[in-house]
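Working notes, beginning with the structure itself.
Any read-out appearing in this document is the output of simple, stated calculations on the displayed coordinates, not a laboratory observation. Remember, predicted model here, so these are calculated numbers, not experimental data. Virtual Cβ from ideal backbone geometry, glycine too; neighbours counted across all protein chains shown.
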Ligand SMILES: [Zn+2]
């Protein structure tokens, strides 16, 4: 998690929403989602929806079922980055991005990618620097039973975890 008030890193603000804003690192082009208000656990940060269901994942999709992957709308939500110590959760049943840890104004909104992805299209090595960092992020399928204790998962992923135990 990072709080980046440094204007040099975040000059471009390409899209503003009432409750959050996208910031783009002008050097890398990397986009992030930052909160514009204080959120408490269970607060709804955003509602979302989708129009098209794909049968394969991409780096932008969230999984809602077996061979069912969607790009969330509004599109700025795709800027929410991964953290191993997330403060938000995409509830794909209620179609709500909810707060799971207190979020301050100007704090980055993050979620745990495997919470909504069984087997990721583009695994990566995490550098979130949180004490809880689990390193290689490849999807819920690859988490240890101990790791799964610490996270909230979508209903679909929870079913998959139960079925694989
Ligand atoms: Zn991490």
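Please enumerate the residues belonging to the stretch 131-150 that are surrounded by 14 or more Cβ atoms within 10 Å (Cβ to Cβ) and within 9 Å of the ligand (Cβ to nearest atom). If the condition is that a residue be surrounded by 14 or more Cβ atoms within 10 Å (Cβ to Cβ) and within 9 Å of the ligand (Cβ to nearest atom), then 133, 134, 137 are the ones that fit.
Where residues in the stretch 116-130 are outside any loop (DSSP other than H, G, I, E, B) and surrounded by 12 or more Cβ atoms within 10 Å (Cβ to Cβ), which of them is farthest from the ligand (Cβ to nearest atom)? Going through the qualifying residues, I end up with 116.
Each residue in the stretch 124-160 was checked for being touching a strand residue (DSSP E or B) at 6+ places or on another chain (Cβ under 6 Å) and closer than 16 Å to residue 82 by Cα, and 6 pass. Taking strands (runs of 3 or more DSSP E) as the structural unit, those lying wholly within the stretch 34-115 and holding at least 1 residues that are in contact with a helix residue (DSSP H, G or I) (Cβ under 8 Å, 6 or more places away or on another chain) and buried (at least 22 other Cβ atoms within 10 Å of the Cβ) correspond to 61-65, 88-91, 96-99.
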